[in-house]
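Heads up, the thing below is written out as C-alpha cells.
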Amino acid sequence: MPVAISVEDYHAPPGMYRAVDPDALTHPSPAHNRDAEAANGVEKPALDVAGCGSPAPELPHVQGDMRYHTRHHHHRERPGHDYAEDVITVQGVQPHHKTSYAETMMHLFKGNIGTGCYAMGDAFKNGGLVLATVLTLFIGFVCVHCQHVLLNCAELMQARKLEQERANGTTNGTDGTNGKTVEKHPIPTMVPAVSEPLDFADTVALCFAYGPPSVRPWAQTMKNAVNIFICVTQLGFCCIYFVFISSNFKQIADRYGLVLDVHLHMALLVVPIVLTSIITKLKFLSYCSLAANVFMTLGIGITFYYASQDLPPLAERHLVGRLEQLPLFYGTAIFAFEGIALVLPLQNEMKHPADFGKPCGVLNIGSTFIILLFTSFGFAGYWRWGEAVQGSLTLNLPDNEILAESVKLMIATGVLLGYALQFFVAIMIMWPMVESRSRLAQKHPVRCEMVFRIIMVLVTFLIAECVPNLGAFISLIGAFCSSSLALMFPPLIELIVAWTNGKLGLWLVVKNVIILLLAFLGFATGTYESMSALAKDF
C-alpha cells in the first residue's frame, strides 16, 4: 500500500512529501536561518506576530488545512539534521533524498511484496493451475496499465493546476509538464485544496474539478472516497495481519505442546501491537521496518525452496477452477497486486522522474518481476500442496523441521513489526478529522491521539476475532477495496480527462468500459463469495 510521507508536515492522504521551495535553498528566509542556528546550538529568538513584538503562538497539531502535523511528537536528536526532510516509507523513517533507478525499484518491490504473495497458493486453488496462471498475468497487466493511466492523468492535472495558477498570477515553480504543450481550458472557480506534488486522491479530485461541468461538484466527494478506500484498505491489512500472525504462532506453539485456541493467540498479540502502534518517535519505526524486510526476504526464499520439493504429477491438480470459486481467486489476486497508491510518491521522489513510467522504466520492469513472482509462487504452492494449500503458504510448511519453523517465526515477526506502518497510514487520514471535531482532542492532542490509536487497534483486533478465515478475509479486502482503488478510479478519470480534452475515441471508451465492467463484476461477486465463505465459519 501506499506509503511515503513527510515527518514534519503530512498532507493527507499517504504518499506525499513536504514541498520544498527552491528559492529557500539559495536565499534562506530568516525563519530558516533561525532553524539552522538552533540546530548548531544557538538560541532561536521568538518570532513576532504581525509586527506586534509578541512571540508567535505554538502551532496547533491540526491546522485549518486539515494536515497531520507530527512536530509535537518529534525531537531533534541529531544536531544539524533537518528532520523535516525525513520521510516515512515502506522501509521506515529515512532521510529525504532523491532516489535513483535502483533505489526506486527496491522501494517498489518492498511496497508490493507482502502477505498477498503468500496467499497466491490459495488463489491458484480457486482458479486452477492453467486458468489462474492466465488470469494472474492478465490482472497484473491491467493493474500496471491502470497505474500508467494514473501517472498520465497526474501529469495532465499538474499542468492544468499550473495553468490556473498562472491565470491567477500565483505560480512560482516550474511548469512540471516535462516540456509538453499545455492546452488552454476554462478555469473552474471551485477546485478542492490539494497538496504538492499531487497524490492519488488529489489527482482524482482535480480530474473531476477540471472536467465537464456536470462532474465538477463531485470533485471533493471523489477525493474523500479515495481516502476512505485507502483507510479501509490499510485497516483491512491490519486485521489480516492479526489473523496471519496468530495462525503462524499457533502452529509453532502447538508443535511444542502449548496448545491454545487461535483466538487466544490473537488476544496475546494485542499488547505488542499496541506498543508498536503508539510509537510517537517515528525514527524508531525504521528499526522495526528494517527487521521486517530482512525476515520477509529470507522467508520468501525458504518457502519457495519447500514448495519446489517432492512435486506430484500435474494430473493430480485442477487445471481450471470451478466457476463459483473464481470470485475468490479474483479477490486474492487483486489484493496482492494493489499498489497503485505507491506509484506517484515513488515517481515524485526520483532524481529523474521520467525514468519511472517509460517503456523500460521502474514501473514496467519492477511490475514484470512482481507479476512473475506472484504467478510462480502461486503455481508452485498449489502444485505442491494441492487442495490442502492454506491462506498463507507458511502454514503448509512442515511442523517437524527447524528451518520451516524458523520461516514461520520470521514471517510472523516481520508482519508483526510491519503492522505499525500500515496502521500509521490510516491514522494520518482519520485523526485530523477526529481532532477537528473534538474540543477535548484539541485541548489534549497527544493523549487523545494515543487513546484513539489504542481504540483503532482494538477495532482491528475485534474484526479479526470475528473472521479467522485468512483466505476468505484476504479475498474480501481485495474484492471490496483493492479493486476500487486499482481498477475503478483510473479508467473513470481517464474517460473524464479525454472527454474534457475532446479526445474521447471509440477505442478509449471500449477499453475503459471493459475494465470498469470487469472491476465491478469482481467487486460484486468477490465480495459476495468472500462474505459467504466467512459466514460458513460461524
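Please specify each residue of the stretch 263-289 satisfying the condition of being at pLDDT 85 or above and open to solvent by 30 Å² or more (accessible area, probe 1.4 Å).
His263, Leu264, Ala267, Leu268, Val271, Pro272, Leu275
Return yes or no: is Ser530 touching an Asp or Glu at 6+ places or on another chain (Cβ under 8 Å) and either open to solvent by less than 30 Å² (accessible area, probe 1.4 Å) or among the acidic types (Asp, Glu) (or both)?
On the way: touching an Asp or Glu at 6+ places or on another chain (Cβ under 8 Å): no; either open to solvent by less than 30 Å² (accessible area, probe 1.4 Å) or among the acidic types (Asp, Glu) (or both): yes.
Criteria not met by Ser530.
Here is a yes/no grid of residues against (1) farther than 21 Å from Leu485 by Cα; (2) at pLDDT 85 or above; (3) open to solvent by 40 Å² or more (accessible area, probe 1.4 Å):
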site: Gly321; (1), (2), (3): yes, yes, no
site: Leu328; (1), (2), (3): no, yes, no
site: Glu338; (1), (2), (3): no, no, no
site: Gly361; (1), (2), (3): yes, yes, no
site: Gly366; (1), (2), (3): no, yes, no
site: Ile371; (1), (2), (3): no, yes, no
site: Gly378; (1), (2), (3): yes, yes, no
site: Ala388; (1), (2), (3): yes, yes, yes
site: Asn396; (1), (2), (3): yes, yes, no
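Taking the stretch 116-151, which residues are open to solvent by 10 Å² or more (accessible area, probe 1.4 Å) and hydroxyl-bearing (Ser, Thr, Tyr)?
Selection gives Thr133 alone.
Within the stretch 134-170, take every residue that is under 20 Å from the mean Cα position of the chain (by Cα) and of a type in the set (A, V, I, L, M) and give me the one that is nearest to Ile334 (Cα to Cα).
So the first thing to find is which residues in the stretch 134-170 are under 20 Å from the mean Cα position of the chain (by Cα), and the list is 139-154.
Now narrow it down to the ones that are of a type in the set (A, V, I, L, M): 139, 142, 144, 149-151, 154.
Details: Ile139: 7, Val142: 10, Val144: 12, Val149: 17, Leu150: 17, Leu151: 19, Ala154: 23 Å.
Taking the candidates together, the pick is Ile139.
Residues to consider are Gln347, Gln390; find the one that is touching a Gly at 6+ places or on another chain (Cβ under 8 Å), outside any helix (DSSP H, G or I) and touching a residue at least 60 places away in the same chain (Cβ under 8 Å).
Result: Gln390 is the single residue among Gln347, Gln390 that is touching a Gly at 6+ places or on another chain (Cβ under 8 Å), outside any helix (DSSP H, G or I) and touching a residue at least 60 places away in the same chain (Cβ under 8 Å).
Just to be sure I understand, how many residues within the stretch 238-255 are aromatic (Phe, Trp, Tyr) and either touching an Asp or Glu at 6+ places or on another chain (Cβ under 9 Å) or open to solvent by less than 20 Å² (accessible area, probe 1.4 Å) (or both)? Break it down stepwise before answering.
First, the residues of the stretch 238-255 that are aromatic (Phe, Trp, Tyr): 241-242, 244, 249.
Right, trim to either touching an Asp or Glu at 6+ places or on another chain (Cβ under 9 Å) or open to solvent by less than 20 Å² (accessible area, probe 1.4 Å) (or both) and you get 242, 244.
The number of residues fulfilling the criteria is 2.
Identify the single condition in (1) open to solvent by 10 Å² or more (accessible area, probe 1.4 Å); (2) more than 22 Å from the chain's Cα centre (by Cα); (3) in contact (Cβ under 8 Å) with a residue 24 or more places away in the chain that Pro217 does not satisfy, given that it satisfies every other one.
(3)
Could you please tell me which pairs satisfy a Cβ distance under 9 Å, a separation of 6+ or placement on different chains, a first residue in the stretch 127-155 that is in contact (Cβ under 8 Å) with a residue 40 or more places away in the chain, and a second residue that is aromatic (Phe, Trp, Tyr) and open to solvent by 40 Å² or more (accessible area, probe 1.4 Å)?
Taking only residues 6 or more apart or on different chains, the pairs are Leu129/Phe379; Leu129/Trp383; Ala132/Phe379; Thr133/Phe379; Thr136/Phe379.
Surrounded by 15 or more Cβ atoms within 10 Å (Cβ to Cβ), assigned to a helix (DSSP H, G or I), modelled with pLDDT under 85 and not basic (Lys, Arg) - does that describe any residue in the stretch 220-234?
Among the residues of the stretch 220-234, at least one is surrounded by 15 or more Cβ atoms within 10 Å (Cβ to Cβ), assigned to a helix (DSSP H, G or I), modelled with pLDDT under 85 and not basic (Lys, Arg), which makes the answer yes.
Counting only residues that are in contact with a Gly (Cβ under 7 Å, 6 or more places away or on another chain) and modelled with pLDDT under 85, which one in the stretch 292-319 is least open to solvent (accessible area, probe 1.4 Å)?
Looking at residues that are in contact with a Gly (Cβ under 7 Å, 6 or more places away or on another chain) and modelled with pLDDT under 85, I get Ala292.
Evaluate the following for Gly116: is it part of a helix (DSSP H, G or I) and under 22 Å from the mean Cα position of the chain (by Cα)? Full working, then the answer.
Values: part of a helix (DSSP H, G or I): yes; under 22 Å from the mean Cα position of the chain (by Cα): yes.
Against the criterion (part of a helix (DSSP H, G or I) and under 22 Å from the mean Cα position of the chain (by Cα)), Gly116 qualifies.
When you look at Gly357, is it open to solvent by 10 Å² or more (accessible area, probe 1.4 Å) and touching a His at 6+ places or on another chain (Cβ under 8 Å), yes or no?
yes
Quick one: what pairs do we get from the stretch 244-268, first residue in contact (Cβ under 8 Å) with a residue 40 or more places away in the chain, second open to solvent by 50 Å² or more (accessible area, probe 1.4 Å) and not in a helix (DSSP H, G or I), C-beta under 6 Å, 6+ apart or different chains?
Correct list of pairs: Arg255/Asp399.
Which one of these does His352 not meet: (1) part of a helix (DSSP H, G or I); (2) touching a residue at least 60 places away in the same chain (Cβ under 8 Å); (3) open to solvent by 40 Å² or more (accessible area, probe 1.4 Å)?
Every listed condition holds for His352 apart from (1).
With (1) in contact with a helix residue (DSSP H, G or I) (Cβ under 6 Å, 6 or more places away or on another chain); (2) open to solvent by less than 10 Å² (accessible area, probe 1.4 Å) as the list, and Pro345 as the residue in question, which single condition is left unmet?
Single failed check for Pro345: (1).
Would you point out which residue out of Ala209, Ala193 is within 26 Å of the chain's Cα centre (by Cα) and modelled with pLDDT of 90 or more? Before the answer, list the steps.
Values: Ala193 fails: modelled with pLDDT of 90 or more.
Residue meeting the stated conditions: Ala209.
Among helices (runs of 4 or more DSSP H) lying entirely in the stretch 423-524, which contain 3 or more residues that are open to solvent by less than 50 Å² (accessible area, probe 1.4 Å)?
Working: elements: 439-443, 445-466, 470-477, 489-500.
Result: 445-466, 470-477, 489-500.
The values are calculated or read from the model by the stated rules, or taken from the named source; none is laboratory data. Keep in mind the model is a prediction, meaning the values are calculated, not measured. Quick reminder, even Gly has a Cβ in these numbers, built from the backbone with ideal geometry, and neighbours come from all protein chains shown. Surface accessibility is based on the protein's heavy atoms, side chains included, excluding ligands, DNA and RNA. Shrake-Rupley method; radii C 1.70, N 1.55, O 1.52, S 1.80 Å.
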